[in-house]
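First up is the structure itself, then whatever we jot down about it.
Just so it is clear, none of the values below were taken in a lab; they were calculated from the coordinates. Because the structure is a prediction, the values reported are computed rather than measured. So basically every Cβ, Gly included, is an ideal-geometry build from the backbone, and we count neighbours across all protein chains shown.
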Amino acid sequence: MGLTLALAVFYFYTTLPPVGDLLDGRSRGSVTLLDRNGEVFAWRGEQFGGQITADTVSPHLRNAVVATEDKRFRWHPGVDPIGIASAIRINLREGRGPLSGHGGSTITQQTAKLLCIGVTFDRDIWDTEAEYEADCRESSLWRKAKEAIFAMAMEAKYSKNDILTIYLNRAYLGAGARGFEAASQRYFGKSAAEVNPSEAAMLAGLLTAPSRYAPTANLQRSQDRASVIVGLLKDQGYLTAAQARRAWDNPAQLSEAAAARAGGYFADWVMDAAPSFLTSETTEDVIVRTTFDQNIQNAAEAALNEIFETKVREGSKAQAAIVVMSADGAVRAMVGGRKLRGVAGQFNRAIQAKRQTGSAFKPFVYAAAMELGYSPNDTVMDEPLVMDIPGSGRWSPENYSDEYYGRVTLTEALARSLNTAAVRVSEVMGRDSVRTVATDFGIDSTLAEGPALALGVSESTLLEMTGAYAGILNGGSSVAPYGLVELRIKGDDTALMGQDGGIGERVISEEAAQKLIYMMSRVVEAGTGQRARLPDRESAGKTGTTQAARDAWFIGFTADYVAGVWMGYDDNTPLSGVTGGGLPAEIWHETMVRVHRGLPARPLPMLAPPRRSEPMFERKNDRRSRDTRGGGTAEDVILDVLDQLFGRQR
């Protein structure tokens, strides 16, 4: 029996590689995301902070690991009979089987398990890494026997410090951190060589259940676990009573970046935008520099919380999303839902939810008019309208308020969000022209073919719509929203990919864009978007409310930033008493007030039309006028509109 054991130990001994080959146990690399200022704001994949040794880590951390996991580590030969007997006794006392629950495994045995007893991942044997890891965690009696033999071989091959070094580098410690250096950087923003007793106790406490005790999941639970370990350190003589008291009185706190866990939605979006072999499936450690601004993200999240806490009934399941970007399409913040601190991969309503846009689409109708040379002061009739749609029958759009204002300027029509006026303008400009403008501004979704196009019956995402409005602000050029600025392999100076800006081809002239910006400023100053008005600077935008109030939008901009807000239910339940000019406009207002704190006010790049010096134009060609409440083909209505629509300024 003894000879057989010796031969088994010798066999494993001959297979063990140098210690340095065992320190990075990850099968995939990691992605570290930096904000616009170069600060870390998010991590993806398994982080490995770099190789550390038992000699270079903080003595407090080394002691905490030994005190917690294996207090006789320095003396046993890889297995600890005393520890095994104690574990069996505890398991039986608690009503479990002798090998169920407490295992009595030494640090060396745990390291053997981390090394999967020397077996490496092979795709010919396991379909996935998850299956491989499940096999490595098997806890049968035969498996434990092999781990014990492997542990004794390790004790014969390596020094105690070597074994502890492997363990310190390979242990998984929650939140994607592999090894204590990565965990220390992840949670505390410092090296594992610099942690104090309370931080060391918190890190060691993760070994039992890394997901449960991760401080980013529940800081209080992690601190409570660390308090127990401080007691162990004191009892085993690693800390004096005074040191233990200081650790208890000053529990470890997360670093600012770890506590914020900012940009989860944004980080997911950037990860999806880059090639998977450089992000989610990377075998290298990758650094991604982004457009993200943590202050703007905090502003958007605070605004959303403020409105939902003060103006939305308790228990409401309504959702909201926010996107903030610069005029060139650089996305600065993204809120994909009310769950602000969720894990990676959650549903992102800013980019994944395609919803009808309602009147938020109307600026593209008036953009077509401005591009064709019309003026904000040209006029259109706002009165009931009936159209015969081939194959669909009679269609009669109505204003939201059921009021009609007769002949109004295009500016007034947009500011009041008048539906019949928007349809008339769209029909005269031509639906193809309106679709072209919207598509060229970045609305990639399929747009409606019929006259209801002008009323936003087509679907789009908040990111698309906000990017399209950015194109209006920047003077009429299309925008491709972007978040990734540069991607490189950690340690390399040369970027593998990058982007300087998102501005594309011109869609409308700068003059047309400036006229449209003026019209949209009147939406905020005197129209449906007055709740979005900012106290210290010019702003412009547009409200949007879809049929039955299933979606409510406000998208707008200042001279510095564009922001879009969507609100609704995931299951399309109608909102109760909410329009785009209500809560979405207020969320937008609260966001932009916070975003612009400390920024000097700058005027919008808008072009106001000359003041009207003559009365409003009367209806032309009365002999051909007809009551549009009646019938008539679409062609007849268009001819009527052509006669009645525009009184041109001379």
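Taking neighbour Cβ counts within 10 Å as the exposure measure, how do Val425, Val40 sort from fewest upward? Working shown, then result.
Details: Val425 26, Val40 17.
Exposure proxy ranking, most exposed first: Val40, Val425.
Arg143: net charge of surrounding residues, Cβ under 10 Å, Lys/Arg +1, Asp/Glu -1, itself excluded?
Details: positive: Lys113, Arg137, Lys144, Lys146; negative: Asp135, Glu138, Glu147.
Local charge sum for Arg143: +1.
Between rounded, prolate and oblate, where does the stretch 356-504 land on the alpha carbon gyration tensor, with a ≥ b ≥ c its root eigenvalues, rounded for a/c under 1.5, else prolate if a/b exceeds b/c?
Values: a/c = 3.04, a/b = 2.28, b/c = 1.33.
Prolate shape, in that a/c is at least 1.5 and a/b is the bigger ratio.
Mind checking Rg over Rh on the chain, alpha carbons, Kirkwood formula for Rh? Please list the in-between numbers first.
On the way: Rg = 32.5 Å, Rh = 28.6 Å.
Radius of gyration over Kirkwood radius for the chain works out to 1.14.
Pop a pseudo-label 7 angstrom from the Cα along the beta-carbon direction at both Ser276 and Arg506 and give the gap in nm to one decimal.
Computed distance between label sites Ser276 and Arg506 equals 4.1 nm.
For Met497 and Lys339 in one chain, what is 0.36 nm times their gap in residues minus the Cα-Cα distance, to one decimal in nm? Each step should come with its number before you reach the end.
Numbers: separation 158, 0.36 × 158 = 56.88 nm, distance 3.15 nm.
Computed gain between Met497 and Lys339 is 53.7 nm.
Quick one: if the Förster radius is 25 Å, what FRET efficiency do Asn161 and Ala193 give, using the C-beta to C-beta distance and rounding to 0.05?
Given R0 = 25 Å and the Cβ-Cβ separation, E is 0.95.
Using label points projected 7 Å from each Cα along Cα→Cβ, tell me how many nm separate Thr208 and Ser401, to one decimal.
Distance between label points: 6.5 nm.
Classify the stretch 177-224 as rounded, prolate or oblate, taking a ≥ b ≥ c as the square roots of the eigenvalues of its Cα gyration tensor: rounded when a/c is under 1.5, otherwise prolate if a/b is larger than b/c and oblate if not.
On the way: a/c = 1.73, a/b = 1.41, b/c = 1.23.
The shape class here is prolate.
Positive end of the charge dipole of the stretch 430-513 (Lys, Arg +1 and Asp, Glu -1 on Cβ, about the Cα centre): tell me which of Leu473, Met497, Gly456 has its Cα farthest that way.
Ranked along the dipole, the leading option is Gly456.
Classify the stretch 264-373 from the C-alpha gyration tensor, please: rounded if a/c falls under 1.5, else prolate or oblate depending on whether a/b exceeds b/c.
Numbers: a/c = 2.02, a/b = 1.19, b/c = 1.69.
It comes out oblate by the Cα gyration axes.
Work out Dmax and Rg for the stretch 125-282 from the C-alpha atoms and quote the Rg first, both in angstrom.
18.6, 54
For Thr108, Thr409, Thr290, which order do you get if you count the other beta carbons within 10 Å of each Cβ and list the fewest first?
Details: Thr108 28, Thr409 22, Thr290 25.
If I rank by nearby Cβ atoms, fewest first, I get Thr409, Thr290, Thr108.
Could you give the nm distance between label points at Tyr569 and Lys311, where each point is 7 Å from its Cα heading toward the beta carbon?
Result: 2.1 nm between the two label points.
In debye, nearest 20: dipole of the stretch 337-470 around its Cα centre with unit charges on the Cβ of K, R (+) and D, E (-)?
On the way: 13 positive and 16 negative charges, 162 e Å.
Dipole size: approximately 780 debye.
Whole-Å semi-axes of the stretch 204-277's equivalent ellipsoid, largest first, each the root of 5 times a Cα gyration tensor eigenvalue? Kindly include the intermediate steps, with their values, before the conclusion.
Details: eigenvalues 244, 33, 18 Å².
Value: 35, 13, 9 Å, ordered largest first.
How charged is the neighbourhood of Ala302? Take every other residue with its Cβ under 12 Å from the Cβ of Ala302, and add Lys/Arg as +1 and Asp/Glu as -1. Let's see the in-between values first.
Numbers: positive: Arg594, Arg597; negative: Glu301, Glu306, Glu309, Glu590.
Here the count lands on -2.
May I ask which residue of Ala367, Ala153, Gln346 lies farthest towards the positive end of the charge dipole of the chain, with charges of +1 (Lys, Arg) and -1 (Asp, Glu) on Cβ and the Cα centre as origin?
In the chain, that residue is Ala153.
With axes computed from alpha carbons, what is the tilt in degrees of helix 59-69 against the longest principal axis of the chain, rounded to the nearest 10 within 0 to 90?
80
Gln547: net charge of surrounding residues, Cβ under 13 Å, Lys/Arg +1, Asp/Glu -1, itself excluded? Each step should come with its number before you reach the end.
Details: positive: Arg355, Arg550; negative: Glu398, Glu459, Asp551.
It works out to a net charge of -1.
Would you mind checking the pairs Lys339/Lys542; Lys311/Lys542; Lys113/Lys339; Lys317/Lys515 and listing those with alpha carbons more than 30 angstrom apart?
On the way: Lys339/Lys542 26 Å; Lys311/Lys542 21 Å; Lys113/Lys339 37 Å; Lys317/Lys515 39 Å.
Pairs exceeding the cut-off: Lys113/Lys339; Lys317/Lys515.
Listing Arg123, Arg435 from the residue with the fewest other Cβ atoms within 10 Å to the one with the most, what is the order? Could you put the intermediate results ahead of the total?
Numbers: Arg123 9, Arg435 20.
In increasing order of surrounding Cβ atoms, one gets Arg123, Arg435.
With runs of 4+ DSSP H residues as the only contributors, calculate the mean residue ellipticity of the chain at 222 nm using -39,500 (n - 2.57) per run, divided by the residue total and rounded to the nearest 500.
Details: 23 runs with 253 residues, N = 650.
Counting only the DSSP helices, I get -12000 deg cm²/dmol.
Quick check for me: using +1 on Lys/Arg Cβ and -1 on Asp/Glu Cβ, what's the dipole size of the stretch 403-555 about its Cα centre, in debye to the nearest 20?
600
Semi-axes of the equivalent ellipsoid of the stretch 430-578: what are they in whole Å, largest first, if each equals the square root of 5 times a C-alpha gyration tensor eigenvalue? Show your work: numbers first, answer last.
On the way: eigenvalues 161, 76, 69 Å².
Values for the stretch 430-578, descending: 28, 19, 19 Å.
Can you give the charge dipole size of the stretch 160-294 about its Cα centre, rounded to the nearest 20 debye, using +1 on the beta carbon of Lys and Arg and -1 on the beta carbon of Asp and Glu? Could the numbers behind the result be given before it?
Details: 13 positive and 14 negative charges, 111 e Å.
For the stretch 160-294, the charge dipole is close to 540 debye.
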